[in-house]
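Here the structure is laid out as structure tokens; the discussion comes afterwards.
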Amino acid sequence: MMKLFALLAALCVPVLADDITGLHFISGSWKGTLNTSHVEEHWMAPQGDATVGMYRVIRDGKTRMTELCVMEQRPEGIVLFLRHFSPGLVAREEKDSPNRFTLEKLEPNRATFLQDSAPTRLIYERVDEDRLVITLVKVQDGKESRTPFEYRRISGAGAGSR
């Protein structure tokens, strides 16, 4: 009976905001559309002190942009770094200046990151087993805009959409 209580207590302990394993819910391969573009996002499971992701935009049968993302567990908490690339792997950001977001809030199946240099947020939310929504929230001139990227799970590695 004591083992059962210990197990239940361990299951009820919330994941701390500085624990990279709390981001396990984004792991997998995801596919969606944004306007006339086909978008994909692929995330490795958190391991060690990081999880790594890749994003690409395909329009008219051509890759228009890729993005490399890394969520790292650091002493100050979890930090998301991302860098955009044009075709030919030409970086859009300066050499030593990837976009940097700090984890603001971690809840079950939801993580909110705040950009360090602007009032911009990225919200990752696993809506259900097969749907992931990443919302880009920007504030400009006191007005908030939201751009949701809605994804469906891709079944199997390299498989087409469901």
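The values are calculated or read from the model by the stated rules, or taken from the named source; none is laboratory data. All values derive from a computational prediction rather than experimental measurement. A quick note on method: Cβ atoms are made from the backbone with ideal geometry, for glycine too, and the neighbour counts reach across all protein chains shown.
Where strands (runs of 3 or more DSSP E) fall entirely within segment 52-125, those with at least 1 residues that are on the phi > 0 side of the Ramachandran plot are at 77-86. Residues in segment 93-109 that are in contact (Cβ under 8 Å) with a residue 24 or more places away in the chain and among the charged types (D, E, K, R): Lys105 alone.
Here Glu93, Glu67 are screened, and the one residue that is within 17 Å of Glu41 (Cα to Cα) and in contact with a His (Cβ under 7 Å, 6 or more places away or on another chain) is Glu67. Could you grab me the full set of residues in segment 119-142 that are modelled with pLDDT under 95 and either more than 18 Å from the chain's Cα centre (by Cα) or closer than 11 Å to Gly32 by Cα (or both)? Within segment 119-142, Val139, Gln140, Asp141, Gly142 qualify. Taken together, Gly77, Gly32 contain a single residue that is over 16 Å from Leu136 (Cβ atoms), in contact (Cβ under 8 Å) with a residue 40 or more places away in the chain and in contact with a strand residue (DSSP E or B) (Cβ under 6 Å, 6 or more places away or on another chain), which is Gly77.
The single residue among Val79, Val39, Val52 that is in contact with a Cys (Cβ under 9 Å, 6 or more places away or on another chain) and either more than 26 Å from Arg152 (Cβ to Cβ) or of a type in the set (A, V, I, L, M, F, W, C) (or both) turns out to be Val52.
Would you say Thr102 is modelled with pLDDT of 95 or more and either loosely packed, with under 14 Cβ neighbours inside 10 Å or within 11 Å of the chain's Cα centre (by Cα) (or both)?
no
Answer yes or no: is there a residue in segment 125-138 that is buried (at least 17 other Cβ atoms within 10 Å of the Cβ), farther than 27 Å from Thr63 by Cβ and in contact with a Phe, Trp or Tyr (Cβ under 6 Å, 6 or more places away or on another chain). Checking segment 125-138: not a single residue is buried (at least 17 other Cβ atoms within 10 Å of the Cβ), farther than 27 Å from Thr63 by Cβ and in contact with a Phe, Trp or Tyr (Cβ under 6 Å, 6 or more places away or on another chain).
For segment 50-72, the count of residues that are modelled with pLDDT under 95 and among the aliphatic types (A, V, I, L, M) is zero. In segment 40-80, what residues are of a type in the set (D, E, K, R) and surrounded by 15 or more Cβ atoms within 10 Å (Cβ to Cβ)? If the condition is that a residue be of a type in the set (D, E, K, R) and surrounded by 15 or more Cβ atoms within 10 Å (Cβ to Cβ), then Glu40, Glu41, Arg56, Glu67, Glu72 are the ones that fit. Thr135 falls short of the stated requirement of being assigned to a strand (DSSP E or B) and either farther than 17 Å from Trp43 by Cα or touching a residue at least 24 places away in the same chain (Cβ under 8 Å) (or both).
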